[in-house]
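J.: There's a structure below that I have some questions on.
The values are calculated or read from the model by the stated rules, or taken from the named source; none is laboratory data. Computed from a prediction, not measured in an experiment: that's the story for all the values here. Here the Cβ is made from the backbone with ideal geometry for all residues, glycine too, and neighbour counts use every protein chain on show.
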Amino acid sequence: DAKTTQPPSMDCAEGRAANLPCNHSTISGNEYVYWYRQIHSQGPQYIIHGLKNNETNEMASLIITEDRKSSTLILPHATLRDTAVYYCIVRQNTDKLIFGTGTRLQVFP
Amino acid sequence: GAVVSQHPSWVICKSGTSVKIECRSLDFQATTMFWYRQFPKQSLMLMATSNEGSKATYEQGVEKDKFLINHASLTLSTLTVTSAHPEDSSFYICSAPGTASETQYFGPGTRLLVL
């Protein structure tokens, strides 16, 4: 069973920040939070991951709450090409990836 | 970043035939690869873990005799769908962990249509 809960869909205006929430209330101490996205008819793409500190890379920022029970993926300036299904996954580093239902983000002009 | 390729990208076959899908890590070695299946409008479902030089590990409910996996080298894993039927039509995706094992790199997927 997936260990995360995400809203099924979200909309975002082009150029605005997209904030995608994820609940993982049963996360254990050695589990990381990973984010992947899947653009239609393509393989998933790694975005970012973190353990407890906030993380930022060229694609996005990951904000993890202090109790680690939830996190938010932030796309600072969404573009039409960011339209995809975004998956939040909790795993230990060597575990296989188990995908939940994800959030379908629609970026509109 | 690391690249994973799949071949073919799409295939159409008749019911009862077998189809082989290849997954290659192009610029790194992978002792483990993963195979997923995805039906329309659904999430990815992990089918099995492919282990180089040993037997694959299948997830619960996945028929190992139906979906044959061979991981003969450090850069190649194959999935053979034996005696394919229309209900096997799906999007098959493989992945391989990067050198740090922190991330997984996914192939572009293979779309199978069984008539």
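J.: Please give the strands (runs of 3 or more DSSP E) falling wholly within segment A:5-91 in which 2 or more residues are without any contact (Cβ under 8 Å) to a residue 60 or more places away in the chain.
T.: Numbers: elements: A:9-13, A:18-23, A:32-38, A:45-50, A:61-64, A:70-75, A:84-91.
The strands (runs of 3 or more DSSP E) meeting that bar are A:18-23, A:32-38, A:45-50, A:61-64, A:70-75, A:84-91.
For every residue, the table says whether it meets (1) within 18 Å of B:Q42 (Cβ to Cβ); (2) at pLDDT 95 or above; (3) out of contact with any Gly (no Cβ under 9 Å at 6 or more places or on another chain).
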{"site": "A:L75", "(1), (2), (3)": "no, yes, yes"}
{"site": "A:L80", "(1), (2), (3)": "no, yes, yes"}
{"site": "A:C88", "(1), (2), (3)": "yes, yes, no"}
{"site": "A:R104", "(1), (2), (3)": "yes, yes, yes"}
{"site": "A:F108", "(1), (2), (3)": "no, yes, yes"}
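J.: Still on this structure, please answer the following. Restricting the first residue to segment B:17-35 and requiring it to be farther than 14 Å from B:F106 by Cβ, which pairs with a second residue that is modelled with pLDDT of 95 or more and assigned to a loop (DSSP other than H, G, I, E, B) meet a Cβ separation below 7 Å and a spacing of at least six or different chains?
T.: Final answer for the pair search is B:T17/B:A84; B:S18/B:T82; B:S18/B:S83; B:S18/B:A84; B:V19/B:A84.
J.: Taking A:E31 as meeting all but one of (1) of a type in the set (D, E, K, R); (2) modelled with pLDDT under 95; (3) surrounded by fewer than 17 Cβ atoms within 10 Å (Cβ to Cβ), write down the number of the exception.
T.: Status for A:E31: all satisfied but (3).
J.: For segment B:80-115, which positions are within 14 Å of chain A (Cβ to nearest Cβ), over 18 Å from A:S41 (Cβ atoms) and of a type outside the set (G, A, S)?
T.: Just the residues of segment B:80-115 that are within 14 Å of chain A (Cβ to nearest Cβ), to begin with: B:90-113.
Restricting the remaining residues to those that are over 18 Å from A:S41 (Cβ atoms) gives B:96-104.
Answer for segment B:80-115, where residues must be within 14 Å of chain A (Cβ to nearest Cβ), over 18 Å from A:S41 (Cβ atoms) and of a type outside the set (G, A, S): B:P97, B:T99, B:E102, B:T103, B:Q104.
J.: Within segment A:52-86, can you find the residues that are within 29 Å of B:E59 (Cα to Cα) and touching a Pro at 6+ places or on another chain (Cβ under 7 Å)?
T.: Narrowing segment A:52-86 to residues within 29 Å of B:E59 (Cα to Cα): A:68-71, A:84-86.
Scanning segment A:52-86 gives a single hit, A:S70.
J.: Moving on. Looking at segment A:1-22, which of its residues are surrounded by fewer than 16 Cβ atoms within 10 Å (Cβ to Cβ), over 16 Å from A:S61 (Cβ atoms) and under 13 Å from the mean Cα position of the chain (by Cα)?
T.: Initially, segment A:1-22 is screened for residues surrounded by fewer than 16 Cβ atoms within 10 Å (Cβ to Cβ), giving A:1, A:5, A:7-9, A:11, A:13-17, A:19, A:21.
Applying the additional criterion that residues be over 16 Å from A:S61 (Cβ atoms) yields A:1, A:5, A:7-9, A:11, A:13-15.
A:T5, A:P7, A:P8, A:S9 - these are the residues of segment A:1-22 that are surrounded by fewer than 16 Cβ atoms within 10 Å (Cβ to Cβ), over 16 Å from A:S61 (Cβ atoms) and under 13 Å from the mean Cα position of the chain (by Cα).
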